[in-house]
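Structure record follows, encoded as structure tokens.
A short reminder: the numbers here are calculations on the coordinates, not readings from a lab. A quick note: this is a predicted structure, and the numbers were derived from the prediction, not measured. Ideal geometry is used to build each Cβ from the backbone, glycine not excepted, and the neighbour counts take in all protein chains shown.
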Amino acid sequence: MGNDHDCTRPRRRDRRGRIRYGGLIAMMLMSFLLVTAEFLPNGMLIEIADDLSVTPGQAGQMVTVTALVGLVVAPTVGLIFPRLDRRALLVWMALAAAASNLLVSVAPNLVLVLLARFLLGRR
């Protein structure tokens, strides 16, 4: 009974100072991919408009749709899902962004592009 520590609890290793590089690299790649997917169309609006047979102004709506949906979703997702694991949320948002980009790449008209960009804005 001269023991000051409880033998029933397992010891924890001190992990201070260690960085989890896998998670850091995943976050860096996700940030790069999502920002690229959001801002890349800005420089290609004329080419996209020609491909979809619409005006550059109409093609520009795909940037606006993504921004407006993101404006509403970003501040509220934490309120809607307060107990959701953030890692799971990141995975689901990455999958939604991948599905959105895949749909944009094969969309034959502006309506489908706008719907896909709406999905991207929800990420």
query = Hey, if you put +1 on the Cβ of every Lys and Arg and -1 on every Asp and Glu Cβ in the chain, which of T64, S53, M30 ends up farthest toward the positive end of that dipole?
reply = M30
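What is the Å³ per residue value for the convex hull set by the Cα atoms of the chain? Write out the running numbers ahead of the final one.
Numbers: hull volume 17.7 nm³, N = 123.
Hull volume normalised by residue count: 144 Å³.
Work out the length of the dipole vector of region 21-121 about its Cα centre, built from +1 on the beta-carbon of each Lys and Arg and -1 on the beta-carbon of each Asp and Glu, and round it to the nearest 20 debye.
On the way: 4 positive and 5 negative charges, 96 e Å.
Here the size comes out at about 460 debye.
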message = Can you compute the helix-only [θ] at 222 nm over the chain? Use -39500 (n - 2.57) per DSSP H run of at least 4 residues, normalise by all residues, nearest 500 deg cm²/dmol.
response = -22000 deg cm²/dmol
